[in-house]
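Please read the structure below before turning to the comments.
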Amino acid sequence: MGEIFAGRYELVDPIGRGGVGAVWRAWDHRRRRYVAAKVLQQSDAHTLLRFVREQAVRIDHPHVLAPASWAADDDKVLFTMDLVSGGSLAHLIGDYGPLPPRFVCTLLDQLLAGLTAVHAEGVVHRDIKPANVLLEATGTGRPHLRLSDFGISMRKGEPRLTETDYVVGTPGYFAPEQLMGAEPDFPADLFAVGLVALYLVQGQKPDAQGLVEHFATYGTPGAPQGIPEPLWQVIAGMLQPDPQARFRTATGARKALTAAVEMLPDPGPGDEPVEVFDQIGPLPPGFGPDGPVPGAPGPRGGVTGHGPGHTQDDPGTGHRAGQPVPQPTTVTGAGGFPLAPPQRPPRPAQPPTPPASAPRPAHAHSPHPGAARGGAPAHDADPLTRPYTAQGPEAPPPGPPVPRGAHTPAQAPHRRPGPPPKVTVPVLLLALVCFAVGFWALIRS
């Protein structure tokens, strides 16, 4: 089984790796679902500060994949987010190459919608690229895009964690002003979105430096082959080298894209549908769709040894890393506190059943509801429920068979015997003496 982190997150298998941490598929024992967990590998102060900044990003939007919770265990930390299994845009291009223009417009519209929510929080992403744009596994249905990886994002006005002349990001997706050392701003993200859009329609990484030089020397070029002119005008509006000539907001770029889609030709009948399928792969042995399989072999030790864990929304979990998380029975109405299941006392050994003296008729009625038809009565009722189980009267032993048509005399009702005379007579005499003494005392008074 997997390793348990901070008493809550059970690491299942690695699904990705970044510059400062590895991404795992993990089982959340509290919410009972699979999540993606990014585990910080380095522990220097600079990297830890970036990690803290990233986990602090809380943006709730259907096209944004932001951290949801975090946990610390000794000198290790992680944060979790939704598990997205359809791979990235880089996987999609690797499978299909250039994508149809209308499909690209759908992806581009969702990316700009997510970026609008990010910018509304005052956050500059600074690392938009195909590998950081993930997809849900929707098959041949409508794609669902999620903008992820806020590792180097920052809010406008926050102090920079790098020197002024040091550029942070992915080479090939820098805006020209970033290379000049300008402060991070929203138009720089839009330049990266334009490069991603060009990557989707051409099927290969664009030459950002060559585009910047061509725009600066000759102005906006004509639409490249395979790109409809309305779509190219939107992409070119995001690729302008001068940030003042570029789209200033993601909302403005999205409005221009909506107008361009109306002028695109309809897809042809022979166009191949684009399928977004699961890129993560099956679960390893010991795990199923509903979490760890009970009784599966393998250790479930802690990822960091023996230190106590701490989670963001569960301070003081009470479990120690390195120990399995118990699965208690939750009793409804007890405030959600887990209670241990009741311990059943050992069942007493049942004595052997003596052989019956005579066979029971097939139509005879058993006085015990739980007894099998025609079998012995079930005297080994559960000891926990025996005090609350009604016991019927004992059945009389079967007599000799009665001939068909013979008159059967009515049986007298069974009367419960009273106490023996040796006890009854002295009690009655004592009661008579007590009555006489009481009557005499009443007269004297």
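Where a number appears in this text, it was derived from the coordinates with a stated rule and is not lab data. Source: prediction; values computed, not measured. When we count neighbours, we look across all protein chains shown, and the Cβ atoms used for this are built from the backbone with ideal geometry, even at glycine.
What is the sum of charges around Phe277, taking Lys and Arg as +1, Asp and Glu as -1, for the other residues whose C-beta is under 13 Å from the C-beta of Phe277?
That sum, taken over residues with Cβ under 13 Å, equals -4.
Listed here are the pairs Lys156/Lys205; Lys129/Lys205; Lys76/Lys156; which of them are more than 21 Å apart at the Cα?
From Lys156/Lys205; Lys129/Lys205; Lys76/Lys156, over 21 Å: Lys156/Lys205; Lys76/Lys156.
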Order of Phe79, Phe277 under a 10 Å beta carbon neighbour criterion, fewest first: Phe277, Phe79
Least to most buried among Tyr173, Tyr34, Tyr96 (fewest other Cβ within 10 Å first): Tyr96, Tyr34, Tyr173
Sorted by Cβ neighbour density within 10 Å, fewest at the top, the residues Val234, Val57: Val57, Val234
